[in-house]
Structure formats: structure tokens, C-alpha cells
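Engineer: Questions regarding the structure given below will be posed in turn.
The values are calculated or read from the model by the stated rules, or taken from the named source; none is laboratory data. What you see is a predicted model; the values in this text were computed from it and never measured. Don't worry about glycine lacking a Cβ; one is built from the backbone with ideal geometry, like all the others, and counts go over all protein chains shown.
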Amino acid sequence: MECPPWTTKDGYEMQMGTNHLGHFALTLKLLPLIALAGEEGKAARIVNVASAAHAFCQTLDAQRLGVLDVDTYVPSVSYGASKTANILFTRELARRLRKKGSNVTVNALCPGLVSTNLGRHMVDASPWYTKSLMRLLVPLTMSFAQSVEQGASSSLHVATSEELEGITGKYFVQGRPSASSKLAQDMTLAKELWIASESLSGLKFDEVMSSQQKYGRKEVAGYQFMCRWITKLSIVLWACSACTMEGSNDNLDNNVYGVEDFQADAAGARHADPATGRLE
């Protein structure tokens, strides 16, 4: 969040590359199995963690998606743009899935202010004339933040609540549907962003969905098995992150998992046997 003007290994502006393009690629790669898993039982759900900070972004040029202009770079605006992209991606994916007749739902949420190290770059990113003030304000603000467990509850609610069965294309704040910025409601922009994201990631929604037929019940069962354990592990890791937040601040620029990295790994991905958990 609000990092210096860095780029990912793919050459995209760090915050847009990490927060939007990486998530776009991951979601589309998993989408065939997610869709099949939904057909096997209750509707599968995709939940994107956005932020109220999306309001920092007043304009978004899909034609320059991921482009870093060092001379005009403003960390908070860049972060807001990536979170606006999360919401627009949510709305457009929900629309496309409905059009396909899929029962997969897609929603975005703001977890609120949570006590993690996400804002570790905020002081350094602030103008020189406000640094002293920010050194006081950031710790003071974080003293009122939710615990990691409280912050996780919003994501868990949107991902699991029976009350939200069938709800899609919405933005939630503290577990309730909420209005996003007007920019994040612009469906024309959402479509433009989608086209640009497909171009940059090399993934096409229609091609991804048409590949669904090559997967069978065995792969779906393996995916469901994997998701159950990933969910359990994620909760444990999220809870542990509060204890380790100070140790992971320095090497973000050397540990970025970009779109190309994901595609290379996904190309050789194997499926877990639902009975043994072994990779096949």
C-alpha cells in the first residue's frame, strides 16, 4: 500500500500489478474449476478485498493500465486506482458470469482499518513537509484499528453467509451492501478495464470458460478439497501475521509474484487427489 514508484517483474506499476492484474490472472485461471464446483452444489463465491481508499482515485485510464509514470506518481492515488480496479473487475466478472448462466457469485468488500503492516510505506511516501506529522498520525490511527481477527470477519461473512446466497456484483462495507464511488460504478469503464486486463494477462474470458468441459468430477473434488484446506490455512496465517508484521517490510520489490510468474506456474499445475491430498 502506497509504496514507492516500483514495478513488478512484468514491468507494471507495483500496486496495480499486484492488487489487480495478479488477481485478474489468478481468478481467470481458476474460473473453470470454480464454475464446476458451483454446479456441484451451492453457488461458488469469488470475493475480492477492495478498500474505502478506492475513493482516492478520481480517474482511471484503462489504456494506460499498469503504466508507471514516475513524474506524476502519487502513492495514495495509485493505491486507490488499484482498489477501484478491484471493484470494477468484480462488477464486470459478475455481469459476464450471469450472461453465461453461471451460478458463481462475485462480490467485493472493504474490511475496514485493520492492524497489519499494510501501511508501512505511508510515512516514507508522504511529502517531506508532512513526514513528521505522519510519523505521529499513522501509529495513532492504527491504535484504533481492528484486530486481524476482526478484519478477517468481513471477508468470511461475504464468503460464507447464507444470507448472501445468490447476491453478486456488490460492494460490501462491514458486511453490508454499500455504495462505492461513482467511478467504481462506471460499467463502461469496467468493460474497458476488462479488455485491457485480458490483453496484458494474455487470458480471455470466453476461452477460459470454454475450457471448463475438459475438467471432470475428479478435478472438481480436488479443487474443493484444496479450497477447504487453503481456507483453514489462510485463517491461521492471517491470525499469525499480527505477530510477524515487523519482519516482512524490506524486500517487497524483490518478492513480487507477477502475472508471467503465475502463468508459468499454472501451465504446469497439477491437481490434488481428494482422498489423499497428493498431487497427480
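Engineer: Just wondering, is there one or more residues in the stretch 81-96 that are among the small types (Gly, Ala, Ser), surrounded by fewer than 22 Cβ atoms within 10 Å (Cβ to Cβ) and more than 12 Å from the chain's Cα centre (by Cα)?
Structural biologist: no
Engineer: Separate question: Working carefully through the options 196, 108, 159, find the one that is modelled with pLDDT of 90 or more, surrounded by fewer than 17 Cβ atoms within 10 Å (Cβ to Cβ) and either under 20 Å from the mean Cα position of the chain (by Cα) or at positive phi (or both).
Structural biologist: Only one candidate passes the filter, namely 159.
Engineer: With the structure loaded, tell me whether residue 73 is of a type in the set (Ser, Thr, Tyr), modelled with pLDDT under 95 and outside any loop (DSSP other than H, G, I, E, B) or whether it fails that test.
Structural biologist: Criteria not met by residue 73.
Engineer: Step by step: first the residues of the stretch 22-44, then only those that are of a type outside the set (Val, Ile, Thr) and at pLDDT 95 or above, then the one that is surrounded by the fewest Cβ atoms within 10 Å (Cβ to Cβ). Which residue is that?
Structural biologist: Ranking the candidates gives 26 first.
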